[in-house]
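Right, one structure below, let's go through it.
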């Protein structure tokens, strides 16, 4: 049996990863290396990518819709809150909510049973989702949740 090469995995913490030009979650920043372009934050990159993808494929921008909903939710409290303690939207929160939404939209009996209690099995009224027809069935078989619609436009 041939000898295997040993591999080393280095896990960087937030402070050291920034020095290696890894993007920050929330802040666009200059590169640590001279003559390199600024490094966009993961938040701004995800928002840009979602806009480009939805425009290229002529689908609604679900990422942006969920981002805006989370932001409205965070600011809907009547409690007085120190702005420094106010939760801020980030791409991780939005992706987590999108995963929950994808599970919510899976039809019975495989989706979220709470959907029946909370909304009588209805989809969120602010977002348009397709029914999984034969055209979209191959994506479901691969475990990919497709949240798109065919002919409609936002």
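The values are calculated or read from the model by the stated rules, or taken from the named source; none is laboratory data. Here the structure is a predicted model, which is why all the values come from computation and not from measurement. Virtual Cβ from ideal backbone geometry, glycine too; neighbours counted across all protein chains shown.
Data for the structure
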read-out	value
Positions within the stretch 106-119 being farther than 23 Å from residue 74 by Cα and assigned to a helix (DSSP H, G or I), in sequence order	116, 117
Criterion (closer than 25 Å to residue 55 by Cα and modelled with pLDDT under 50) met by exactly one of 145, 89	145
Subset of the stretch 45-61 [surrounded by fewer than 16 Cβ atoms within 10 Å (Cβ to Cβ) and in contact with a helix residue (DSSP H, G or I) (Cβ under 9 Å, 6 or more places away or on another chain)]	45, 49, 51, 53
Filter pass, residue 31 being touching a strand residue (DSSP E or B) at 6+ places or on another chain (Cβ under 6 Å) and free of Cβ contacts under 8 Å to residues at least 12 places away in the same chain	yes
Residue 81 vs. criteria surrounded by 11 or more Cβ atoms within 10 Å (Cβ to Cβ) and at pLDDT below 85	yes
Of residues in the stretch 34-81 being assigned to a loop (DSSP other than H, G, I, E, B) and touching a residue at least 24 places away in the same chain (Cβ under 8 Å), the one farthest from the chain's Cα centre (by Cα)	58
